[in-house]
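Here it is, the structure in full.
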Amino acid sequence: MGSTLGLQYALVGCAYFVGAISAGRLSELGLSVTYGTSAVVLALTAALISFGMGETLLPSKRIPFKENKTMLRKQLLQSPWSSCTRILTRHSKEVRILAILMMIQILPSQMRDAFQILAKTEWNLDTKDFSSFVAVIGIFNIAANIVGSQMVVKLGIKHFTAVATLSSIIAPIGASLFSFRGLVTGTIIGFLGSAQMLGVTAALYTEGAKSHVPQGELAGERAAFLALTKVIGPIWYSALYVKGKNIFGTGFLPFYFNIGCGLTAFVISQRYLSS
C-alpha cells in the first residue's frame, strides 16, 4: 500500500507543479482570470467523478438515505470539533497515535500564507519568483514519492519514515541559517521529506483493517481530522511570524517550529511504528 500511495502522491505532485506554474502566469492577467480558471478545472473534475468514476461500495452494503429532520438538525448542530476528532475516540490506540503523527507531519505544509508573507518581506520575492519556487517544490514532491514508493518496500515503514522525517528538517534548518538559498538547498537535499507520510498512511489503513473499519469511513475521519490543520495552521504560523518579529527580532520562528515538528514526528514514529 505504501508503494501504491507513493505513485498516487507523485501524480498529486504533478498537479501541484502544473498548478503553481499556471497560477504564476495567470496572475499577470488578474485574480478574476486565476480564480475563473480554477473554477473551470473544479467543474471538469466534478464531471469526471460523476460520469467516469465507478462506485466501489457494493449495493448490499449501502445504507439507504431516509430523511429525518430531527437527525438532520442534530447533525447540523453537532460540534465541528467532535466531528473532526472522531478518529481519536472511536478506534484503537494505534490508530490514534498514527493520526496524531500524521497531523504533526502535515502541519508544516500549512505555513503557506505566512511563508508567502515571509518570502516577500524577508527575501523580496515577487509573485512570479514565488510561484516558480512552489513549482520547484512540486518537482521534488514528484521525485520524493516515486523514490519513496520503492524505498518503503525495501526499508520497511519504520526505517523509511525515519529517513524521510529527518529529511524534512533540512530545509527549515537551511532557511534558519542561510535564508532563501539555504531553504532551496535544504529542499533539494531533503527532498524525501515530501514523502514522509507514505508509510504512516499505509500503517493507518492497515490498523483500521485489523479493527474491521471500512477504508472509506477511516479515510473520511482522517480527512476531517487533518482539516483541523487548515484552520489552526495559518493562525499559528502567522502568530509565530508576528511574535518572532516583535519579541525576538526574527521572522524565522516558523522554521524553528517546523524543526521541532520534524524531531517530534521522528521520535513518535520510531517508538510506535513497526518495521
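The values are calculated or read from the model by the stated rules, or taken from the named source; none is laboratory data. The structure presented is a predicted model; accordingly, all values stated were derived computationally and were not measured. Positions of Cβ are backbone-derived with ideal geometry, glycine not excepted, and every protein chain shown enters the neighbour counts.
On the basis of being in contact with a Cys (Cβ under 8 Å, 6 or more places away or on another chain) and surrounded by 15 or more Cβ atoms within 10 Å (Cβ to Cβ), does L273 make the cut?
Working: in contact with a Cys (Cβ under 8 Å, 6 or more places away or on another chain): no; surrounded by 15 or more Cβ atoms within 10 Å (Cβ to Cβ): yes.
It is false that L273 is in contact with a Cys (Cβ under 8 Å, 6 or more places away or on another chain) and surrounded by 15 or more Cβ atoms within 10 Å (Cβ to Cβ).
Something else now. Return the residues of segment 115-162 that are surrounded by fewer than 21 Cβ atoms within 10 Å (Cβ to Cβ), within 13 Å of F17 (Cα to Cα) and polar (S, T, N, Q); say none if nothing qualifies.
Answer for segment 115-162, where residues must be surrounded by fewer than 21 Cβ atoms within 10 Å (Cβ to Cβ), within 13 Å of F17 (Cα to Cα) and polar (S, T, N, Q): S131, S132.
For segment 78-116, enumerate the residues that are in contact (Cβ under 8 Å) with a residue 40 or more places away in the chain and in a loop (DSSP other than H, G, I, E, B).
T85, R90, H91, S92
Hey, could you check segment 221-245 for residues that are more than 15 Å from the chain's Cα centre (by Cα) and surrounded by fewer than 19 Cβ atoms within 10 Å (Cβ to Cβ) and say which is farthest from T85 (Cα to Cα)?
Checking each candidate, the answer is K245.
Kindly list, by first and then second residue, each pair from a residue in segment 211-227 that is at negative phi to a residue that is part of a helix (DSSP H, G or I) and among the polar types (S, T, N, Q), limited to pairs with Cβ atoms under 8 Å and residues at least 6 apart or on different chains.
Short answer, once both residue conditions are applied: A224/S83.
Filtering segment 117-156 down to residues that are of a type in the set (D, E) and assigned to a helix (DSSP H, G or I), which residue is farthest from Q196 (Cα to Cα)?
Among those that are of a type in the set (D, E) and assigned to a helix (DSSP H, G or I), it is E122.
Checking S274 against (1) farther than 26 Å from L11 by Cα; (2) in a helix (DSSP H, G or I); (3) modelled with pLDDT under 90; (4) of a type in the set (S, T, N, Q), which single condition isn't satisfied?
Just one mismatch for S274, condition (2).
Please enumerate the residues belonging to segment 163-217 that are among the small types (G, A, S), in contact with an Asp or Glu (Cβ under 9 Å, 6 or more places away or on another chain) and buried (at least 19 other Cβ atoms within 10 Å of the Cβ).
Once the filter is applied, which keeps residues that are among the small types (G, A, S), in contact with an Asp or Glu (Cβ under 9 Å, 6 or more places away or on another chain) and buried (at least 19 other Cβ atoms within 10 Å of the Cβ), segment 163-217 yields A203, G208.
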